[in-house]
Amino acid sequence: MPGFTLFPSTAKLLPMEQHTPSAIAPSPVGTTPSLKTLVGKLELANPVMTASGTCGYADEYADFAPLSQLGAFVTKSISRQPRLGNESYRVVETRAGMLNAIGLANIGLERFVKEKVPRLAAMNIPAIVNVPGWSIEDYVDVAAYLDEHVPVVRGIELNVSCPNVKNGLSFGTDPLRLGELVAAVRKRVQRTVLIVKLSPNVADIAITAKAAIDAGADALSLVNTFTAMAIDIETQKPVLANETGGLSGPAIKPIAVFMVNRVYRQVAAKNHIPIIAMGGVQTWQDAAEFILAGASAVAVGTALFVNPAVHVDICRGLSAYMARKGLTQIADLVGRCGTPKTPN
Ligand SMILES: Cc1cc2nc3c(=O)[nH]c(=O)nc-3n(C[C@H](O)[C@H](O)[C@H](O)COP(=O)(O)O)c2cc1C
């Protein structure tokens, strides 16, 4: 993408020491930290995965990055029927990230299983399929098929930011509808880990997080993109054909860190529900910050447009950081930035 100039991480302005409690006990000298982490019953070799929609179906990136060094691969959204998506422009660079309105373009479930699953299987890492839908049946059909028939798929991530065709609201902004959706999918998904990807476009993300957990989610991922807009001052029209899009990248990171920490403190920790965090992760410092906020794993999206192999640097940096802090496992870091100030 010509002229793509994402802002560097703000980690330099806020050294990790300022976030990290001094009380972490050092591990025995010479111990190599383990990057293994758990997302429900799914064990990952490391906590770094792709964010849905930013690494295609894997084959597009295979020549540019050692994808088998990811903790898991998350596909773009796969719907029951193929979708062309929105007209262009579908993507626009912003000062510290990007706006997209791809419109969930994808080849549909049938072609995905025939053409893309063999490549995912060859990667030898867990594959997580992101599933969109416009009715409860859409989600249930795709999730149940993958759970029953596609062994390489180890996790289903429900993208609940799609508009519901029946009432126009997205499932992700209405806790009641979200609960109904997750409960319906839960009944049909047994083998794979059921992850609900939360929308940040709500007044309090802890409320939708609780609805997803109460309805049976095994894990939560957050955040999806923030609804936003860019206007071309010469044409005096919105830049994106869809008019609005979703903002991602470094611009959203501090808000995403806050939301992850809020969900962790309010509902996830006490229910032992792991969080996959995303929103502006570019460096190992960003990943460490999200894990300290409460995440058990992180996903990288927009940063892949700058460096498709960034996960390798993130893992290396996390490992060195843990060794420096005397930590032996990721679990020692999860949520270390603080405990709730008020009882929940
Ligand atoms: C180009 C693009 C396409 C995306 N497509 C999807 C998608 O198909 N499904 C989905 O759940 N999220 C999608 N997302 C959202 C990302 O998975 C992620 O939640 C968001 O971008 C925040 O992470 P980041 O700041 O690291 O990019 C997309 C994001 C981008 C930038």
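The values are calculated or read from the model by the stated rules, or taken from the named source; none is laboratory data. On a predicted model such as this, the values are computed, not experimentally measured, just so you know. Cβ: placed from backbone, ideal geometry, glycine included. Neighbour counts: every protein chain shown.
For the reader, a short list of remarks on this structure follows.
- Residue match in the stretch 80-95 (condition: within 15 Å of the ligand (Cβ to nearest atom), aliphatic (A, V, I, L, M) and touching a Leu at 6+ places or on another chain (Cβ under 8 Å)): yes
- Selection of the stretch 168-205 for residues being under 17 Å from Ile275 (Cα atoms) and out of contact with any strand residue (DSSP E or B) (no Cβ under 7 Å at 6 or more places or on another chain) yields Gly172, Asp204.
- Selected residue [in contact (Cβ under 8 Å) with a residue 24 or more places away in the chain and in contact with a strand residue (DSSP E or B) (Cβ under 6 Å, 6 or more places away or on another chain)] from Ala288, Ala268, Ala309, Ala303: Ala268
- Looking only at the stretch 168-192, residues that are within 18 Å of His149 (Cβ to Cβ) and assigned to a loop (DSSP other than H, G, I, E, B) come to 4 in all.
- Failed item in (1) in a loop (DSSP other than H, G, I, E, B); (2) away from the ligand (no atom under 11 Å from the Cβ); (3) under 30 Å from Thr227 (Cα atoms); (4) at pLDDT below 75, with Ala11 passing the rest: (1)
- Of all the residues in the stretch 81-101, those that are buried (at least 20 other Cβ atoms within 10 Å of the Cβ) and on the phi < 0 side of the Ramachandran plot number 4.
- Selection of the stretch 144-167 for residues being part of a helix (DSSP H, G or I) and in contact with a Lys or Arg (Cβ under 7 Å, 6 or more places away or on another chain) yields Ala144, Asp147.
- Residues of the stretch 110-143 that are in contact with a helix residue (DSSP H, G or I) (Cβ under 9 Å, 6 or more places away or on another chain), part of a helix (DSSP H, G or I) and more than 16 Å from the ligand (Cβ to nearest atom): Val113, Ala122, Ile136, Glu137, Val140, Asp141.
- Any hit, the stretch 321-333, residues being within 16 Å of the ligand (Cβ to nearest atom) and within 21 Å of Ala209 (Cβ to Cβ): no
- Total residues in the stretch 247-285 satisfying the condition of being of a type in the set (Lys, Arg) and under 23 Å from Ile314 (Cα atoms): the figure is 1.
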